[in-house]
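The values are calculated or read from the model by the stated rules, or taken from the named source; none is laboratory data. All values derive from a computational prediction rather than experimental measurement. Reconstructed Cβ throughout: ideal geometry from the backbone, glycine too, with neighbour counts over all protein chains shown. Accessible surface is based on the protein model in full, side chains and every heavy atom, while ligands, DNA and RNA are left aside. Shrake-Rupley method; radii C 1.70, N 1.55, O 1.52, S 1.80 Å.
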Amino acid sequence: MTPDACCPEFAAVSRRGLFAGAAALVGTTTAFGSAVLTASAAHAASADAVLVVVSLRGAADGMSLVVPHGDPVYYQARPRIAVDSEKLLAKDGFFGLHPALAPLLPWWISGAMAAIHATGLPSPNRSHFSAMEEVEDADPGSSARVGWLNRLVGADAIDSPLQAFGVGSGTPPGSLVGPAPYLTGDSVDDVRVPGADHESFAPQRMRSLHTLWDRNGHPLAGTMRSVFRADADFAPVRRTSPNPANGARYDGDLGKALQAAARVVKGDVGVQVLTVDHGDWDHHTDIGTLSWGQMLRQAGNLATNVDAFLTDLGALREKVTVVVLSEFGRRVKENANMGLDHGYGNVMFVLGAGVRGGQFYGSWPDLTAEVDSDLTVTTDYRAVLWDIVSARFAVSPAAVFPRFTPAESLGFMRSG
């Protein structure tokens with residue numbers, strides 16, 4: 001990434017600002033350079049469905065990832081950076097995938113991947129920090145600081161033994177913040193009681209801790225007993241192989257995060273929700289062409305690693321759904337630096353279990369090419385998430401998305 005590629009606000013809230021120095025360690029947050037993984041474990045039994053939320057931090061350009069080649073304004077507005085229609089993948093009469101998404105083409109062709117365009121917040125918000133918070137709360141107008149994924153895992157009667165388990169550092173995404181418990185830790189292998197991995201004194205240390213807390217009536221003792229249970233429940237994840245299966249090959253920070261996510265799924269300890277944050281999508285400069293630039297690199301990295309994740313899971317992907325989203329999109333018209341400034345509407349990808357894929361969804365609003373023109377949002381992003389929750393989880397989506405009811409199902413998920 002070039003030094004001036006992103007705006008000052010995103011530089012301030014990027015990985016270091018967002019994920020370092022947290023005091024609240026109530027989840028598992030693992031940092032891998034520019035990618036961060038957080039897991040919310042529901043219980044130690046197997047989970048029937050798993051949702052992986054991949055957030056492209058910085059506001060990715062959805063019109064480069066899924067190109068509206070059928071709208072002539074797209075090419076008028078981007079004379080230097082528009083993606084050549086002849087090079088698009090999975091092309092229909094109006095849309096096509098960026099060529100760098102080629103690793104995902106087999107999933108598209110098999111019907112396991114869909115794209116929903118012109119999605120976003122109910123009203124424009126061009127502040128990275130504010131938009132991330134609004135997207136992850138999914139409860140506009142409320143003063144409660146509770147994320148939609150926390151409401152999802154808190155909507156059943158399960159009380160995770162992993163609640164208040166804290167190892168390591170990192171600020172969890174706002175979507176997971178709330179009263180339902182979740183984990184934090186430095187890495188999958190480090191999610192354990194501090195010192196419990198030291199061969200020479202670990203047994204004595206654990207015996208001492210149990211002696212101190214198992215029958216102790218102090219309020220802190222309940223938390224410590226939860227830590228002991230969480231440590232034991234998470235052990236199957238630590239025992240999974242660190243090497244990917246089925247020939248999967250990960251790359252870079254995003255790859256490390258998704259590889260860790262795959263180990264959590266394979267450990268099968270009841271984790272229902274995982275979040276993976278990937279930065280560096282704030283492309284004010286040098287978004288580039290099909291020969292060079294940041295979109296070529298970022299889109300290829302995203303596709304390579306999501307493909308590796310689904311491949312690595314093997315048969316377990318039958319219960320895993322992946323959604324890819326960003327806090328907002330970019331303007332229609334390119335700027336003087338061969339980049340794109342903050343905009344509004346965007347695209348969302350959904351892959352894996354329950355997806356009726358191989359096609360583009362959403363209502364296209366038609367573009368205009370003024371300096372400040374945006375892609376108008378025609379589909380509230382909560383409608384996409386509502387359909388996923390409704391199809392994959394035995395909870396009411398109304399409990400997850402308060403004060404919101406979609407007009408109709410978008411049709412990209414199979415019911416049941």
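Odds and ends about this structure:
- Protein heavy-atom surface of the chain, 1.4 angstrom probe: 52% of the accessible area is carbon and sulfur, with nucleic acids and ligands not counted.
- Å² of accessible area per residue within the stretch 43-125, as computed with a 1.4 Å probe and no ligands counted: 32
- Normalised by the number of residues in the stretch 246-375, the mean separation of alpha-carbon contacts (under 8 Å, six or more apart) gives a relative contact order of 25 percent.
- Of the residues Val332, Thr211, Gly255, the one whose Cα sits farthest toward the positive end of the charge dipole of the chain, with +1 on the Cβ of Lys and Arg and -1 on the Cβ of Asp and Glu, is Thr211.
- If you run the Gaussian network model on the chain, springs between alpha carbon atoms under 10 Å, then out of Lys333, Lys256, Lys87 the most flexible one is Lys87.
- Annotation: amide H of Val355 within the under-5 Å range of Arg414, sequence separation 5 or more or interchain, hydrogens built in the peptide plane.
- A Förster distance of 22 Å, applied to the separation of the beta-carbon atoms of Phe94 and Asp372, puts the FRET efficiency at 0.35.
- Per-residue ellipticity at 222 nm, computed for the chain from helices alone with -39500 (n - 2.57) per DSSP H run of at least four residues, works out to -9000 deg cm²/dmol.
- 0 to 90° range, to nearest 10: angle between helix 219-239 axis and the chain longest Cα axis: 60
- Compared with the dominant Cα axis of the chain, that is its longest principal axis, helix 381-392 is turned about 50°.
- Under the Debye formula (equal points on every Cα, no solvent term), log10 I(q)/I(0) of the stretch 263-389 at q = 0.15, 0.21 Å⁻¹: -0.87, -1.36
- Viscosity 0.890 mPa s, 25 °C: Kirkwood-radius Stokes-Einstein D of the chain over Cα pairs, µm²/s: 113
- Kirkwood Rh and Cα Rg combined as Rg over Rh, evaluated for the stretch 201-276: 1.13
- Residues with amide H under 5 Å from that of Thr285, placed H, sequence gap 5 or more: Leu340
- Counted by Cβ distance under 9 Å from Met132, the other residues give a net charge of -3, where Lys and Arg count +1 and Asp and Glu count -1.
- For the chain, the relative contact order works out to 31 percent when only alpha carbon pairs closer than 8 Å and six or more residues apart are counted.
- Linear extension gain, Thr211 paired with Arg249, 0.36 nm per residue minus alpha-carbon span: 9.2 nm
- Out-of-range pairs (alpha-carbon distance over 25 Å; input Lys91/Lys256; Lys256/Lys319; Lys91/Lys333): Lys91/Lys256
- Assuming charge only on the beta carbon of Lys and Arg (+1) and of Asp and Glu (-1), the dipole of the chain about its Cα centre is about 1000 debye to the nearest 20.
- Computed across the stretch 334-398, the Kirkwood hydrodynamic radius from all distinct Cα-Cα pairs reaches 14.5 Å.
- For the chain, the longest principal axis of the C-alpha atoms and the axis of helix 252-267 are separated by about 50°.
- Of all DSSP bridge pairs formed entirely within the chain, close to 60 percent run antiparallel.
- Look at where the Cα atoms of the stretch 270-297 and of the stretch 320-388 average out, and the two centres are 14 Å apart.
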